[in-house]
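One structure is given below, encoded as structure tokens.
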Amino acid sequence: MEPIIFVPTDLYLMLSAVLFVMGTLGVLIRRNAIVIFMSVELMLNAGNLAMVALARQWGQVDGQVFVFFVMTVAAAEVAVGLALIVSIFRTRKSINIDDLHNLKG
């Protein structure tokens, strides 16, 4: 029988913070819409990791249940967002955020 390895909650929270910062930097620095989209997903998953870690620490399932709702909303966001990105790419032949400022009106 394998021994159970205990990972402290602090390490999960630090990993979550690192992933969230990486996602934030991806949104702020990159110009490609797909990369920005993936960075937002990374930020959502960092939040999910923190909620699951804290739910585990406190022995409650509320955080884990909330993660399922976040994952559902993220999946819907991906479906709509990718459809928009594909549509923009078909008309503009580019998904660079700087090229999309002329979409208003």
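The residues of region 4-75 present an accessible area of 67 Å² per residue when probed at 1.4 Å with all protein chains retained. What helices does the chain have that are whole DSSP H segments, at least 24 Å long along their own axis by Cα, and with mean Kyte-Doolittle hydropathy of 1.6 or more? For the chain, where a helix must reach 24 Å along its axis and average at least 1.6, the hits are 9-29. Apolar share of the accessible surface for the chain: 72 percent from carbon plus sulfur atoms, 1.4 Å probe. Net charge dipole, the chain: roughly 560 debye, given to the nearest 20, about the Cα centre with Cβ charges of +1 for Lys and Arg and -1 for Asp and Glu.
Please work out how much length the chain gains when fully extended from THR24 to GLN60, using 0.36 nm per residue of separation minus the C-alpha to C-alpha distance, in nm with one decimal. Display every interim value, and only then the final one.
Numbers: separation 36, 0.36 × 36 = 12.96 nm, distance 2.88 nm.
Difference between extended and current length: 10.1 nm.
Mean separation of Cα pairs under 8 Å and 6+ residues apart, divided by the residue count of region 15-83: what relative contact order is that in percent? Relative contact order here is 27 percent.
Counting each DSSP H run of 4 or more residues in the chain as -39500 (n - 2.57), what helix-only mean residue ellipticity at 222 nm follows after dividing by all residues, to the nearest 500 deg cm²/dmol?
Rounded to the nearest 500, it is -26500 deg cm²/dmol.
Shape descriptor for region 39-78: Rg over Rh equals 1.01 (Cα atoms; Rh from the Kirkwood inverse mean 1/r). Here region 19-50 is scanned for amide nitrogen atoms under 17 Å from the site 7 Å beyond the Cα of THR91 along Cα-to-Cβ, giving 33. Here HIS101 and VAL35 are evaluated by their C-beta separation; at R0 = 22 Å the FRET efficiency comes out at 0.80.
The values are calculated or read from the model by the stated rules, or taken from the named source; none is laboratory data. On a predicted model such as this, the values are computed, not experimentally measured, just so you know. Backbone-built Cβ (ideal geometry, glycine too); neighbour counts: all protein chains shown. Surface accessibility is based on the protein's heavy atoms, side chains included, excluding ligands, DNA and RNA. Shrake-Rupley method; radii C 1.70, N 1.55, O 1.52, S 1.80 Å.
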